[in-house]
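The values are calculated or read from the model by the stated rules, or taken from the named source; none is laboratory data. Everything numeric here is computed off the predicted structure, so don't read it as measured data. Cβ placement follows ideal geometry from the backbone for every residue including glycine, while neighbour counts extend to all protein chains displayed.
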Amino acid sequence: MPFYNSEGKIPKKRHTVFKNPKGGIYYEELVSREGFSYMYSNLYHLNMPTQVMKLGEFEKFEDRYTYIKDDHKPYHFKSYDSNKLLLYNKDVAISSFHILDKKLDKNLFYRQGDYDALLYIQEGNGLLKTNYGNLNFHEGDYIVIPRGVIFQYEIQSKCISGLIVESQAPIETPSRYRNRVGQLLEHSPFCERDIKVPKLQNPIDEEGEFTVSVRLREGNKCFVYKKHPFDVVGWDGYYFPWILNINDFEPITGSIHQPPPVHQTFQSKGFVICSFVSRLFDYHPDAIPAPYPHSNVDSDEVIFYSKGNFMSRRGISEGSITYHPMGLPHGPQPGKYEDSIGKKSTDELAVMIDTFEPLYVAKSAEQCSDDKYPFSWLEKNK
């Protein structure tokens, strides 16, 4: 997490007696990464957070990690209103999600066990309830949920939908935009003021059966606890869920077309995430605002098209997802390169994920794939 934060009541010193008003003590929990050598937070509970009453059966994902073999081509997925794994490798899994409020189990809690998660909210709004506090979310929000955080969704619209990125490693702000002590630099496209952090609510001191569904790589397993997981009276540290809205990303522009790294918003092991937002185009008198055809031979490219007019593309709509494997030239569709000359601005919103290892196309993505997409650059398609 990019900065230190503190919520609620905490003792003066870590790992010391922290008395409650009844004469007992609060129970400290350390949540840490990389063998106590990276980010961490200390949480203080009304009750011991280890009181498991029951264990559920492991529910294995059937055929989740099966992929289309012997295939290497561009893809266009139309999966806006579905829950589908689309692409994955050893570092990251990329899925669409669509959650209806009426189908949400409001008594179930969730925890990421093997992944850190980033959700991009394409549609809908609501409240993310966590053991660190609550976060309101709405369209355009990136929600970062590190593994180990216990949470619930309270959907305040008909549904929420968008893109979910699950990472084997922590999801961070880009090192290119941080100084040596971790502060976002003056020329960073966003700063700490743009980041929303959880607001701790009154602790819940309830006894019963509270089911936490733990999301693992190969399936889910439920743990039933005796005490309510949201019994935290205070916490501090660098490790917590947080939100950044794509509209708070301030684009870096130039006299000629800027390369994708200037749009970087997040980093993790094996991939980066970039934000393409509304911006003024290049101001050189002979500039071509549309991106030039390009072939990045070291990374796969995934783009989620969120809102606006996608000035370099044809046949792409809101919620479309394109995938271009490394080494395959791609870029503006016929006529769009020339049409961009003289244009002054764009109102598009899009999320790009570049991975540094090849992605597998999940078999579950077949039914939402546009078979004609690889031929969409032919001149006859103008």
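Assorted remarks:
- If you check GLY113, GLY133, GLY148 for being buried (at least 19 other Cβ atoms within 10 Å of the Cβ), under 23 Å from TRP235 (Cα atoms) and touching a residue at least 40 places away in the same chain (Cβ under 8 Å), only one passes: GLY133.
- Screening ALA362 with (1) modelled with pLDDT under 90; (2) touching a strand residue (DSSP E or B) at 6+ places or on another chain (Cβ under 7 Å) gives one miss only, at (1).
- Candidate set from region 290-305 (those that are of a type in the set (Gly, Ala, Ser) and under 21 Å from PHE77 (Cα atoms)); member that is surrounded by the most Cβ atoms within 10 Å (Cβ to Cβ): SER299
- Within region 176-222, the residues that satisfy the criterion of being without any contact (Cβ under 8 Å) to a residue 60 or more places away in the chain, in a loop (DSSP other than H, G, I, E, B) and either under 19 Å from ASN5 (Cβ atoms) or not charged (D, E, K, R) (or both) are ASN179, VAL181, LEU185, SER188, CYS191, ASN202, ILE204.
- Within region 110-124, considering residues that are in a strand (DSSP E or B) and of a type in the set (Phe, Trp, Tyr), the one nearest to the chain's Cα centre (by Cα): TYR120
- Qualifying strands (runs of 3 or more DSSP E) (wholly inside region 1-74; at least 1 residues being in contact with a Ser or Thr (Cβ under 7 Å, 6 or more places away or on another chain), within 20 Å of GLY148 (Cα to Cα) and of a type outside the set (Asp, Glu)): 27-32, 40-45
- Residue selected from region 285-312 under the condition part of a loop (DSSP other than H, G, I, E, B) and of a type in the set (Ser, Thr, Tyr), by the criterion nearest to SER95 (Cα to Cα): SER299
- Whichever residue in region 39-96 is out of contact with any strand residue (DSSP E or B) (no Cβ under 7 Å at 6 or more places or on another chain) and more than 30 Å from TYR373 (Cβ to Cβ) and, among such residues, is surrounded by the fewest Cβ atoms within 10 Å (Cβ to Cβ): GLU57
- Pair list, Cβ < 8 Å and 6+ apart or interchain, from region 361-382 residues that are acidic (Asp, Glu) to residues that are modelled with pLDDT under 90 and outside any strand (DSSP E or B): GLU366/ILE68; ASP370/GLY315; GLU379/PRO334
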